[in-house]
Structures are given as C-alpha cells and as structure tokens.
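Inspection log for the structure reproduced underneath, given as structure tokens.
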Amino acid sequence: MAQRIAAVGARRITPKEAAGLVTSGMWLDYGASLCQPDVFDAELAQRMEELRSVKIRACLTMRPRAVLEADPTGDHFVWINLHFSGYDRRKHDAGIANYLPVNLGEIPDYYRRFIDPVDIVILKTCPMDADGYFNLSAASFWHRALIERARMVIVEESSGLPHVMGEQTGVHISEVDYIIRGDDAPAAELPNPPPTDVDRAVARLIISEIEDGSCLQIGIGGMPNAVCSLLRESPVKDLGIHTEMLTDGIIDLYRDGRITGARKQLNPGKIACTFALGSRHLYDTIDRNADFHFCPVDYTNLPHIIMQNDRVLAINNTTQIDLQGQAASESDGHRHISGTGGQLQFVRGAYASKGGKSFICLASTYDKRGERRSRIVPSLTQCNIVTTPRTDMMYVATEYGMVNLKGRSVAERARALISIAHPDFREALEREAYENRLIPSGYF
Ligand SMILES: CC(=O)SCCNC(=O)CCNC(=O)[C@H](O)C(C)(C)COP(=O)(O)OP(=O)(O)OC[C@H]1O[C@@H](n2cnc3c(N)ncnc32)[C@H](O)[C@@H]1OP(=O)(O)O
Ligand SMILES: CCCC(=O)O
C-alpha cells in the first residue's frame, strides 16, 4: 500500500480545509459517476487562482464540475477522463478534457500496476454505518483499488446516495484520512427515453435469440435498453444478469419477476453489476436490497469471469461499422464520444461462455447536419477508433436484419453487412466493396 501523506487517522474537517490540502501539480482522483464529490469540487474551484496544473482523473461525470466551469481554458485544472458522459464530451469539444483509453475491467489493475499512487482521492459516499464503513453506493468500479493506492483518502458523506450490498462495497474508517460533510443532494438521475421504432425493430431481432435462463449484459445507450422493454412483452423467464451497468430497463424486468438468476453458475439468485445509473425508482429499488450484488469492475467485466456463466448474451451499441465488421463505438474521427467501456470485454466473455452470444446493434442511418448517412460504411471515418475488432465480432443487428460474422470470409462479411444496411445505401456499398477487392470479381 502507498505511503500516506497524513497518517493521522480519520478526522472531520470542513470542505474548505479539505480543498486547502491541494497544491499545484498534484494528482487528484474524483472517481466515477455517483461517487464524484460535489462540495469539495465547489471549494477547490474557489482556489483556482492559487493553483496550476492540478490533474484530476474522473469518469462518467453526471453533474457540471465547478473546477471546469471556473477554468474554461484548463490552465489550472487538467481533466483526464476514463469514460465520457455527455458533459465530459462537451468539455472535450471545448478542448479541456482528455480521454484515457481503457478496458473498463482492467482499471483496478492499472491503478495497482501502472499508475503512480494518486496524491488525494476524494469520493462521495454514504454516511458511515455502525461498522465504520462508508458505502460506495451504486458505483463500485475501481474505487477499492484507488483507495488502497492513494496517498490520502477523503470521503464526502452524503445521505442522498443509495446504500448497496455486495462485495467490497465500502471504505472503512481506518482507511480514511479526512471526512467532510456533503450536500445530501439526491443521486443524479440518467434519463431513460422510450424506445424508438428502430430501437424496437432491432430489439425484436435480438430477443429471438434470448431463451429461458439466458444471462444478460445490457450495454449503455438507448438500443440495448429497448431489449429490456420488449422482453417485458415476451414469455421468457428465469433470466440472469451479470453486467457492468444496472439500468432502469433491468429494474423493470426484475420488478416483473422475469429475473430470478436461478440458472446462473456465478452468484445464483443475484443480479451482479458494478454500477447503476437511472431514475429515482432505480435507486430506491437497489437501496439495501441484497438481490443486487455490486462488485468491483474486475469481477463483472473480465472475460474469464464473465464466461463462467452459461448462455451469456452481451448486447451493446455502436455508432459505425465497416464492411470488414470493425465497430467504432466511441468516437467520430478525433471527436471522442464515450469510451471503450466494457464493450470489448463483454463481447469476448460472451463468446467464451457455453452457448454465449454477443450482439452489436446500431440503427442503419443517422443524420449529420441535416443529411442522412449510413452507419454501415466501406471504410471507417478517418481517425475513428476501433472498439470491437473484426475478429471478435459475432452478431450485428440493424432494423433491417441480423447477421453473424463468425467464420465468414471478408467477402461474406461485406455481403452480410450490406444486406442489413439501409436499402438506399446498398448499391453504393456493394460497388465500393468490389472496387476495393473486399468482394472478388466473379463472386456471387
Ligand atoms: C455499460 C456496460 O454494461 S458495458 C458495455 C457498453 N459500453 C459500450 O458499448 C461503449 C461504447 N458505446 C457507447 O458509448 C454508446 O453505446 C454509444 C455512444 C454507441 C451510443 O450511446 P447513446 O447514448 O445511445 O448515443 P447517442 O445517440 O446519445 O449519441 C451520443 C453521441 O454520439 C454522437 N453520435 C452517435 N452516432 C454517431 C455517428 N454515427 N457518427 C458520429 N457521431 C455519432 C451523437 O451525436 C451524440 O453526440 P452529442 O451528444 O454531441 O449529440
Ligand atoms: C462507464 C462505462 C460505461 C461503458 O462501459 O460503456
């Protein structure tokens, strides 16, 4: 364990005193989503003029950050992010956020092996319980590894967060240097818009592959969540969940009694996940509810663990796919959109699971500056990042159909993907596929 800056034991201090511990050049860590501190952040922003080059690692920011709002040029605070929310994306567009490429499930190991000990980690947590633990709420992620490696640990107590059950869900007071009083604001919510017709068409195709006892991972974004809505209308039962993110869609299925986890090999009877984001209803459902088993992300996301459940179905979203079957799910050229997240690890874990399948889904088109474009393309947008390589790709689904690329030649892949592109683009895609020798001349 890294040497602590202050071996004084946990002490209550004011948020202003906590922010006063920061000096120029330090590495801070705000953690991810619901654990990002709010009161500390506001106090630190007040000190902007005294500080330079304070580096802050964070992930999936759910509320505006005072340090970034106060410093629109990024001279004082440097924002380094492991997965972008819409807010992080806008800060990247503005030139003041930087992405750190990760497979989400490997992050605890990065903190333990590759990242120098963090100077100060500041995490928002539930208030201390009777056993001296500050529950990390619905945001387990890599926070345990971070706490073990940081030189100083500050917790910002807040009664607004749900208290979760599972493994390694808390930080003990003996590991904490300072405690500050938080704002008790309710946990940030993530809107869950109703599925579109296209979402429903794609979801219908995927649902045809789901059977009683399938073990689901539902990725981030509208389309994977549509699968949950449609599953409520189907007869399947005894579903299992081993996922990264718990969503409102999963909560609805749980409330309907569709999820029992009875046929899971790992954590039978439990919904395993590492974080949750959604509505107040979701947070109320998971609060002190032992059916939900929160674990560090290197348990939920590592392929050799995912595969221990049979019939794992991983359902994830992408923004663009080329005729080889490479999916670019996280960027638009150099414009960073989100992150690799858990996509590749769940694709691999599902493949390795007995009877497992992975699904990458996308709408066939999108609008850019009023022009309709195909998401299935001969070549990825220049500088686009490949999230799932062609060798890992299994099922791809659009509203026009679903194809399995495993065991298919380049020509067969190109043909299969053209068959599920929007009809208006198929002819041009086919022409380019021949011109670039993806499909040999004379090939039928
Ligand atoms: C969470 C788990 O359980 S682990 C595995 C899941 N993780 C992943 O799959 C990681 C990669 N995937 C993702 O990040 C998401 O699924 C996405 C980005 C593909 C889709 O998420 P959604 O929330 O449905 O995307 P949404 O339609 O809101 O678009 C997000 C942004 O991407 C932009 N975008 C979407 N498609 C495209 C495209 N084809 N080209 C360019 N930009 C695009 C949108 O304009 C939007 O940017 P804006 O906010 O500036 O307008
Ligand atoms: C926080 C990461 C969400 C994802 O895996 O996409």
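The values are calculated or read from the model by the stated rules, or taken from the named source; none is laboratory data. Just so it is clear, the model here is predicted, and its values are computed rather than measured. A quick note on method: Cβ atoms are made from the backbone with ideal geometry, for glycine too, and the neighbour counts reach across all protein chains shown. Only protein heavy atoms, including side chains, enter the accessible area calculation; ligands, DNA and RNA are left aside. Shrake-Rupley method; radii C 1.70, N 1.55, O 1.52, S 1.80 Å.
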For TRP27, the accessible surface traced by a 1.4 Å probe with all protein chains present amounts, in square angstrom to the nearest 10, to 90
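Using Stokes-Einstein with the Kirkwood hydrodynamic radius over Cα pairs, what translational diffusion coefficient do you get for the stretch 179-251 at 20 °C and a viscosity of 1.002 mPa s, in µm²/s rounded to a whole number? Provide the component values of the computation, followed by the final result.
Working: Rh = 13.7 Å.
Here the translational diffusion coefficient equals 156 µm²/s.
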Of all DSSP beta bridges having both residues in the stretch 11-181, the percent classed as antiparallel (nearest 5) is 15
ILE80 and ARG255 label points (each 7 Å along its Cα→Cβ direction) are spaced in nm at 4.1
DSSP beta bridges in the stretch 197-436: the antiparallel percent, rounded to 5, is 35
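At 0.36 nm per residue, minus the direct Cα-Cα distance, what do TYR366 and HIS172 gain on full extension? Give it in nm, one decimal, please.
Fully extending the segment from TYR366 to HIS172 adds 65.1 nm.
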With +1 on the Cβ of every Lys and Arg and -1 on the Cβ of every Asp and Glu, the dipole magnitude of the stretch 231-303 about its Cα centre, in debye rounded to the nearest 20, is 220
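Sequence gap at least 6, Cα distance under 8 Å: using those rules, report the relative contact order of the stretch 316-434 to the nearest whole percent. Before the final figure, lay out the partial values.
Working: 221 pairs, mean separation 36.4, N = 119.
About 31 percent, as a whole number.
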For TYR443, TYR400, the accessible-area ranking with a 1.4 Å probe, largest leading, is TYR400, TYR443
Diffing the stretch 402-418: the Karplus 3J(HN,Hα) column from phi (6.51, -1.76, 1.60, θ = phi - 60°), in whole Hz with x for Gly and Pro, holds 9, 10, 10, 8, 5, x, 9, 5, 4, 5, 5, 5, 4, 4, 4, 5, 4
Length gained, ARG181-THR14, 0.36 nm per residue minus C-alpha separation, equals 59.4 nm
The answer for SER85, listing residues at least 5 apart or on another chain whose modeled amide H is closer than 5 Å to its amide H, is LEU60, THR61
Too long for a 29 Å Cα-Cα cut-off, among LYS124/LYS357; LYS264/LYS406; LYS270/LYS357; LYS91/LYS368; LYS124/LYS368; LYS124/LYS270, are LYS124/LYS357; LYS124/LYS368
Rounded to the nearest Å, the spacing of the alpha-carbon centers of the stretch 18-38 and the stretch 131-181 is 14
Largest fluctuation, PRO15, PRO389, PRO378 only, Gaussian network model of the chain with Cα springs under 10 angstrom, belongs to PRO389
Using a 1.4 Å probe on heavy atoms of the protein chains only, the accessible area for CYS126 in Å², nearest 10, reads 0
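Sequence gap at least 6, Cα distance under 8 Å: using those rules, report the relative contact order of the chain to the nearest whole percent. Write out the running numbers ahead of the final one.
Numbers: 1084 pairs, mean separation 59.6, N = 444.
Reported as a whole number, the value is 13 percent.
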In nanometres, the difference between 0.36 nm per residue of separation and the alpha-carbon distance of ASP238 and SER208 is 9.2 nm
The stretch 197-436: spread of alpha-carbon positions along the three principal axes, whole Å, largest first, is 58, 37, 33
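Kindly sort ARG390, ARG200 by accessible area of their heavy atoms, largest first, with the probe set to 1.4 Å.
ARG390, ARG200
Give me the percent of DSSP beta bridges within the chain that run antiparallel, rounded to the nearest 5.
Details: 18 of 69 bridges.
DSSP beta bridges in the chain are roughly 25 percent antiparallel.
Could you tell me the relative contact order of the stretch 11-181? Use alpha-carbon pairs under 8 Å, at least six residues apart, and round to a whole percent. If you can, show how the numbers build up before the last one.
On the way: 354 pairs, mean separation 40.5, N = 171.
RCO, the stretch 11-181: 24 percent.
Give me the 1.4 Å probe accessible area per residue for the chain, excluding ligands and nucleic acids, in Å².
Details: 17370 Å² over 444 residues.
With the other protein chains kept in place, the chain gives 39 Å² per residue.
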Summing -39500 (n - 2.57) over every DSSP H run of at least 4 in the chain, dividing by its residue total and rounding to the nearest 500, the 222 nm mean residue ellipticity is -7000 deg cm²/dmol
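Using a 1.4 Å probe and counting only protein heavy atoms, arrange ARG149, ARG288, ARG144 so the residue with the most accessible area comes first.
On the way: ARG149 60, ARG288 150, ARG144 30 Å².
Largest to smallest exposure gives the sequence ARG288, ARG149, ARG144.
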With x for Gly and Pro, the residue-by-residue ³J(HN,Hα) of the stretch 260-268, computed from phi through the Karplus equation 6.51 cos²θ - 1.76 cosθ + 1.60 at θ = phi - 60° and given in whole Hz, is 10, x, 5, 9, 6, 8, 9, 6, x
Whole-Hz Karplus couplings 3J(HN,Hα) for the stretch 33-41, θ = phi - 60° and coefficients 6.51, -1.76, 1.60, Gly and Pro as x, run 6, 5, 7, 5, x, 10, 5, 4, 4
